[in-house]
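Read through the structure below, which is laid out as structure tokens, and then see the notes.
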Amino acid sequence: MSASNLSVRCLAGALAATGLMAATAAQAGEVEVLHWWTSGGEAKAATALKGKLLALGHTWRDFAVAGGGGDSAMTVLKSRVVSGNAPAAAQIKGPSIQEWAREGVLANIDDVAKANQWDSLLPKTIADGLKYKGSYVAAPVNVHRVNWLWANPAVFQKAGVKVPTTWDEFFTAAEALKKAGVIPVAHGGQNWQDFTTFEAVALGVGGADFYKKALVQMDQGTLKSATMEKVLTTFKKVKDYTDRNAPGRDWNLATAMVINGQAGMQIMGDWAKGEFIAAGKTPGKDFVCAPAPGTGKAYTYNVDSFAMFKIKNDANVKAQKDLATAIMSPEFQEVFNLNKGSIPVRLNMDLAKFDDCAKQSSSDFVASSKSGTLLPSIAHGMAVPSAAEGAIKDAVSQFWNTDKMTAKEAMDRIASAAKQK
Ligand code: BGC
């Protein structure tokens, strides 16, 4: 047993002894939780969730499926549900929540949501995404901002350049970093990582309206426009500044390259901050967060949530509802998000313990929701049905990985992938 498990159990034991334990032995149930939080920062955040449940006297059955972005986890989930053996809770987000709900396998958790006033504690757009036919079927843990650039300031100083705010500055900085003998851009090898960069370029080069039309509404004309061609050309140019070992590399190993100064920067959502923090690094000193070039006025969001599956045993249903209640509690939202790199999804939380990256994320979230530039991340399953999402991700990665493919050919492939139902 790890030291952290041990301390969580001791806490549960102490609460039981003082009679503070919420669930009596008769009510204690087990919750099996499917997630893909296996990197250093992610695992710390997952432990906070587990600790919450154990403190209530329930048992946590860990169903962790490694693989950033969750593609492997979703494949495993499908086979478990098809064989009639769904976990109590699974990390599912965006339109996939609706897809699972339509299958009739998700549980209605309106009683928990009503008792805890979720409607007044969540931004409406987010709450709507967690409901199926007006009833809550999922509980949200956070808001991740995806359009971030993470930089190592010591490496930038050595190269004599500043952290870029435009794509022109990005390539100037990348050249200088290369000359200084470091890998300019830390990148990894799954298609969701390629797409995380691609959507940042689409937003920075094309702007929020283009992003919406092309990637959220998947308008065929916009997907085949001159702007799309420019986006694709810029995106492909980023590859020149990545290293030969990028294919197959996990995102957190790419973050580690920025942490240890082997690379200068990484375009990644703020789960990357969880890695810097887990490595004992201080924001503003050891690492810098900046909006991805050209995207300072916009915000691509990614809300992690747990969909609750229909399960039978009464004690386990009680444990499942306790999990949903715990997820939205202010204490959990604070400790989880301090470790995860994200910000609380619950409104009006005190951010005193959060760092400047989180505070900027929070104020930019509010500002962008007012200016119409708050946008769902496609790379992270927040915008389009899963079939189209998978197909356009594959097309974008094919372009990234195929030297001979032109931007025009890629445009055609992406546009036809977007028609996937
Ligand atoms: C999830 C994050 C996770 C990241 C990398 C994203 O899709 O929303 O919670 O940390 O993938 O695994």
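The values are calculated or read from the model by the stated rules, or taken from the named source; none is laboratory data. All values derive from a computational prediction rather than experimental measurement. As a convention, Cβ positions derive from the backbone with ideal geometry for all residues, glycine included, and neighbour counts pool all protein chains shown. In case anyone asks, the SASA skips ligands and DNA or RNA and just uses the protein heavy atoms, side chains included. Shrake-Rupley method; radii C 1.70, N 1.55, O 1.52, S 1.80 Å.
The set of residues in the stretch 367-400 being away from the ligand (no atom under 16 Å from the Cβ), among the polar types (S, T, N, Q) and either assigned to a loop (DSSP other than H, G, I, E, B) or on the phi > 0 side of the Ramachandran plot (or both) consists of T373 alone. Of all residues in the stretch 102-145, those being surrounded by 15 or more Cβ atoms within 10 Å (Cβ to Cβ), charged (D, E, K, R) and in contact (Cβ under 8 Å) with a residue 60 or more places away in the chain number 1.
Please find, within the stretch 68-102, the residue that is farthest from the ligand (Cβ to nearest atom) out of those that are touching a helix residue (DSSP H, G or I) at 6+ places or on another chain (Cβ under 7 Å) and assigned to a loop (DSSP other than H, G, I, E, B). For the stretch 68-102, the residue satisfying everything is A86.
I need the strands (runs of 3 or more DSSP E) fully contained in the stretch 283-335, keeping only those with at least 2 residues that are open to solvent by 20 Å² or more (accessible area, probe 1.4 Å) and either within 20 Å of E42 (Cβ to Cβ) or modelled with pLDDT of 95 or more (or both). Please lay out each step first, then the result.
Values: elements: 288-291, 299-302, 305-308.
Strands (runs of 3 or more DSSP E) meeting the threshold: 288-291.
Annotation: of all residues in the stretch 28-53 being under 29 Å from T255 (Cβ atoms) and among the aliphatic types (A, V, I, L, M), the one that is farthest from the ligand (Cβ to nearest atom) is L53.
Would you check if A48 is out of contact with any Ser or Thr (no Cβ under 8 Å at 6 or more places or on another chain), in contact (Cβ under 8 Å) with a residue 40 or more places away in the chain and either part of a helix (DSSP H, G or I) or crowded, with 21+ Cβ neighbours inside 10 Å (or both)? Yes, satisfied. Applying a threshold of 7 Å to beta carbon distances and a minimum spacing of six or more residues, or different chains, the list of pairs starting in the stretch 83-98 at a residue that is open to solvent by 30 Å² or more (accessible area, probe 1.4 Å) and modelled with pLDDT of 95 or more and ending at one that is more than 16 Å from the ligand (Cβ to nearest atom) and hydroxyl-bearing (S, T, Y) reads Q98/Y132.
How about the stretch 347-357: which of its residues are open to solvent by less than 60 Å² (accessible area, probe 1.4 Å) and either under 19 Å from the mean Cα position of the chain (by Cα) or of a type in the set (D, E, K, R) (or both)? Spell out the reasoning first.
Residues of the stretch 347-357 that are open to solvent by less than 60 Å² (accessible area, probe 1.4 Å), as a first pass: 349, 351, 354-355, 357.
If the condition is that a residue be open to solvent by less than 60 Å² (accessible area, probe 1.4 Å) and either under 19 Å from the mean Cα position of the chain (by Cα) or of a type in the set (D, E, K, R) (or both), then F354, D355, C357 are the ones that fit.
A174 falls short of the stated requirement of being modelled with pLDDT of 95 or more, touching a strand residue (DSSP E or B) at 6+ places or on another chain (Cβ under 6 Å) and under 23 Å from T300 (Cα atoms).
Could you go through the stretch 103-122 and let me know if any residue there is under 22 Å from A46 (Cα atoms) and within 16 Å of the ligand (Cβ to nearest atom). There is no residue in the stretch 103-122 that is under 22 Å from A46 (Cα atoms) and within 16 Å of the ligand (Cβ to nearest atom).
The residues of the stretch 12-63 that are modelled with pLDDT under 95 and among the basic types (K, R) amount to a single one, K52. Pairs are defined by a Cβ separation below 6 Å, a sequence spacing of at least 6 or placement on different chains, a first member in the stretch 408-421 that is within 11 Å of M228 (Cβ to Cβ), and a second member that is assigned to a helix (DSSP H, G or I) and of a type in the set (F, W, Y); the pairs so defined are A410/F399. Is it true that some residue in the stretch 395-404 is in contact with a strand residue (DSSP E or B) (Cβ under 7 Å, 6 or more places away or on another chain) and open to solvent by less than 70 Å² (accessible area, probe 1.4 Å)? Scanning the stretch 395-404 turns up no residue that is in contact with a strand residue (DSSP E or B) (Cβ under 7 Å, 6 or more places away or on another chain) and open to solvent by less than 70 Å² (accessible area, probe 1.4 Å). Each residue in the stretch 123-150 was checked for being within 16 Å of the ligand (Cβ to nearest atom) and either hydroxyl-bearing (S, T, Y) or within 20 Å of W192 (Cα to Cα) (or both), and 8 pass. Could you tell me whether the stretch 278-294 includes any residue that is within 12 Å of the ligand (Cβ to nearest atom) and either closer than 18 Å to L375 by Cβ or among the acidic types (D, E) (or both)? The answer is no; no qualifying residue exists. Going residue by residue through the stretch 230-253, is there one that turns out to be crowded, with 24+ Cβ neighbours inside 10 Å, assigned to a helix (DSSP H, G or I), within 16 Å of the ligand (Cβ to nearest atom) and of a type in the set (F, W, Y)? Yes: one or more hits. Name the single residue, out of those in the stretch 254-272 being more than 10 Å from the ligand (Cβ to nearest atom) and more than 20 Å from K162 (Cα to Cα), that is least open to solvent (accessible area, probe 1.4 Å). Taking the candidates together, the pick is A254.
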